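S.K.: First the structure, then my questions, so here it is.
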């Protein structure tokens, strides 16, 4: 199980550039996750697990009083919980109020185990905010294993014993198509032309996505984000 990964949401932390090849999703993904975060219902005195935390870009979304368990593989100085070799976390059953999982699921060896572990450590009626890829170019960091359809990610969540309560696509079909066209062309260009090319393409991506309906985006998107809930009684 590998949780080190390439994350579009990191751009908002490291600095936004209009010529970045993922400029649009770098802007949109953190904004949508911030809008969804209150629906996690993690109180000021709650306990939250960031499962695959990387550089902890979303700690800012939660009160300082929240007990923030940042879990990752050994060697991450930002983590305060070390993930076990089998991919599980050394936490008791029903011990956290909420889980955050951003751009992790596509990189884990066993998504079913990962989601089952989420259910295990959540308290009854606890919630998870999860984002993962629909369309995306292959990006091993160190591995890149999975993609989901809108129905497929819902099915995976339900098989793990949780209920989807909120679901949305981020960056719809036309915009994602333009993104993939850009990704297919950009490395063929001389290095000096790539920033201008990406800036132009990312402008087109943004325009295209503004004209996508929510219904269409929720069926087909570059990234899917959802909130799911563990049953209140088991």
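S.K.: So, residue 171, is that one closer than 25 Å to residue 36 by Cβ, buried (at least 19 other Cβ atoms within 10 Å of the Cβ) and touching a helix residue (DSSP H, G or I) at 6+ places or on another chain (Cβ under 7 Å) or not?
M.R.: For residue 171, the condition - closer than 25 Å to residue 36 by Cβ, buried (at least 19 other Cβ atoms within 10 Å of the Cβ) and touching a helix residue (DSSP H, G or I) at 6+ places or on another chain (Cβ under 7 Å) - is met.
S.K.: Between 156, 125, 94, 98, which is outside any loop (DSSP other than H, G, I, E, B), in contact with a helix residue (DSSP H, G or I) (Cβ under 9 Å, 6 or more places away or on another chain) and surrounded by fewer than 21 Cβ atoms within 10 Å (Cβ to Cβ)?
M.R.: 156
S.K.: From the residues in segment 59-74 that are in a loop (DSSP other than H, G, I, E, B) and in contact with a strand residue (DSSP E or B) (Cβ under 9 Å, 6 or more places away or on another chain), which one is surrounded by the fewest Cβ atoms within 10 Å (Cβ to Cβ)?
M.R.: Selected residue: 74.
S.K.: Could I ask something else about it? Quick check: anything in segment 211-223 buried (at least 16 other Cβ atoms within 10 Å of the Cβ), without any contact (Cβ under 8 Å) to a residue 60 or more places away in the chain and outside any loop (DSSP other than H, G, I, E, B)?
M.R.: Within segment 211-223, one or more residues are buried (at least 16 other Cβ atoms within 10 Å of the Cβ), without any contact (Cβ under 8 Å) to a residue 60 or more places away in the chain and outside any loop (DSSP other than H, G, I, E, B).
S.K.: For segment 131-157, which positions are touching a strand residue (DSSP E or B) at 6+ places or on another chain (Cβ under 7 Å) and farther than 30 Å from residue 200 by Cα?
M.R.: 153, 154, 157, listed by residue number.
S.K.: Any residue at all in segment 128-135 that is in contact (Cβ under 8 Å) with a residue 12 or more places away in the chain and surrounded by fewer than 16 Cβ atoms within 10 Å (Cβ to Cβ)?
M.R.: No; the residues of segment 128-135 include none that is in contact (Cβ under 8 Å) with a residue 12 or more places away in the chain and surrounded by fewer than 16 Cβ atoms within 10 Å (Cβ to Cβ).
S.K.: Say whether the condition of being part of a loop (DSSP other than H, G, I, E, B), surrounded by 16 or more Cβ atoms within 10 Å (Cβ to Cβ) and in contact with a strand residue (DSSP E or B) (Cβ under 9 Å, 6 or more places away or on another chain) is met by at least one residue in segment 111-122.
M.R.: no
S.K.: Another question, then. With the requirement that a residue be surrounded by 22 or more Cβ atoms within 10 Å (Cβ to Cβ) and outside any helix (DSSP H, G or I), what does segment 23-56 give you?
M.R.: Residues satisfying the conditions are 42, 48, 49, 50, 51, 52, 53, 54.
Values in this text are rule-based calculations from the coordinates and carry no lab data. None of the values given here were measured: they were computed from a predicted structure. All Cβ positions, glycine included, derive from the backbone under ideal geometry; neighbour counts span all protein chains shown.
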